[in-house]
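Nothing in this text is a laboratory measurement; each read-out follows from the coordinates by a stated rule. This one's a predicted model, so the numbers in the text were calculated from it and none came from an experiment. Ideal geometry is used to build each Cβ from the backbone, glycine not excepted, and the neighbour counts take in all protein chains shown.
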Amino acid sequence: MTAADLITLRPLARGADAALLALRAGVGAFLVFGVWDNITSAEHMQAFTTFLDKFGFPWPHLLAPFDVWVQFAVGVCFVLGLLTRWAGLLCAVNFIVAIVMVDHHGGWRAAFPSMCLVLIGLYLATHGAGALSADRLLFRPRRGGLARAD
């Protein structure tokens, strides 16, 4: 190991795929866990509908289940590394809406978790899922292929 490697921690790059898997799995599990009560309980879904109505969302009775299922799907896609770029884009858009409609009322600290999810979504949308993913298994370029899906 060279002095430059020690200073820059370059050898840590060998763990990049595992770190990306951990990021995807952790964020994905968080998203699934965050909406599971709405999926399994009509009362929780109704409470979420009421919450959306309180903050002026249009058609909260339609938007609540739509948002819950989008977050669930994004979470599952992150965990599996499946359609990760699309999931990242949906995650970013979803939480931008959360910041604009709800979180900004509570200030910077209240908006920070949603902002982190926007940034993680943008990272995954632009970088893909990495080597340890369903995207890599399913969409690996064939001989003569032009683009990588990860």
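For the stretch 57-104, a Kirkwood radius taken over Cα pairs fed into Stokes-Einstein (4 °C, viscosity 1.567 mPa s) yields D = 115 µm²/s. Only Cα pairs under 8 Å and 6+ residues apart enter the sum, and on that basis the relative contact order of the chain stands at 23 percent.
How many percent of all Cα-Cα pairs in the stretch 64-149 sit more than 19 Å apart?
For the stretch 64-149, the fraction of Cα-Cα distances above 19 Å is 43 percent.
Per-residue ellipticity at 222 nm computed for the chain from its helices equals -24000 deg cm²/dmol, with DSSP H segments shorter than 4 residues left out and the rest contributing -39,500 (n - 2.57). This model, with +1 at the C-beta of Lys and Arg and -1 at the C-beta of Asp and Glu, gives the chain a dipole about its Cα centre of some 720 debye.
Report, in cubic angstrom per residue, the convex hull volume of the C-alpha atoms of the chain. In the chain, the Cα hull volume divided by residue count equals 143 Å³.
If you rank Val102, Val74 by fewest surrounding Cβ atoms within 10 Å, what's the result?
Val102, Val74
Farthest towards the positive end of the charge dipole of the chain, among the residues Gly121, Ile39, Leu132, is the Cα of Leu132, using unit charges on the Cβ of Lys, Arg, Asp and Glu.
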